[in-house]
Amino acid sequence: MSHPAPADATVPAPPSGPVGFGEIFATFLVIGATSFGGGVVAYLRNALVLQKGWLDEERFLSALEIAQALPGLNATNMAIIVGDRLRGILGAIIAFIGITLPGAALIMALGVAYASNAHNPYVNAALIGVGAAAVGMLAAVTLQIGRKQFGSLIDIAIILVTVGLVSFLHVSLIWVLLTVGPAAVLIYRPRKEAAAAEADPT
């Protein structure tokens, strides 16, 4: 007889009431100040899922898919989506300001500093190291949040087709979304038998 797997003790319980605007701002301010490049997805997952419990893995992945399908940066799109889910339009605005404020301030300061040190080999080496770390973090979080998708041959096929079209054939991401997306919806559409079974469990 199989027993259900125990809940992950490291994931906090969802908030029992509305999340404060100050907490939303502070959370996304820290994310914006401490994340680099593609590694921002790992920071978002760590803060929103593992630390705050505002989203579970499934909702985080759903929000990330929407953010990636929309124009703009994934981080700012995620902030707007999550802020809106937590506290509506005002929450989305506060989350957006929080995640973009550190980068806007730092980029102006670093832009001035880099202009006078652009040919410094130590500066260039540091930037290469940060970029490599961001790629590693992005790969790690991709494996963590994509484990469910790796269990199905259909999911693996969709992943491989998408990677092949974008990375090797250099097909525009818009065309990939317009072709692979509808195909995935068609494959995973609710079946009549399943819908009938849910409506009449007896």
Practice problem: Average the reciprocal distances over every distinct pair of alpha-carbons in the chain, invert the result, and give the Kirkwood radius in Å. | Solution: 19.7 Å
Self-check item: Residues Ala183 and His119, FRET efficiency given R0 of 30 Å [Cβ-Cβ distance, rounded to 0.05]
Solution: 0.05
Practice problem: On a C-alpha basis, how far is the centre of the range 119-147 from the centre of the range 153-185 in Å? Whole number, if you could? | Solution: 25 Å
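Only the coordinates and a few stated rules stand behind these numbers; no lab work does. Computed from a prediction, not measured in an experiment: that's the story for all the values here. Neighbour counts run over all protein chains shown; Cβ positions are idealised from the backbone, glycine included.
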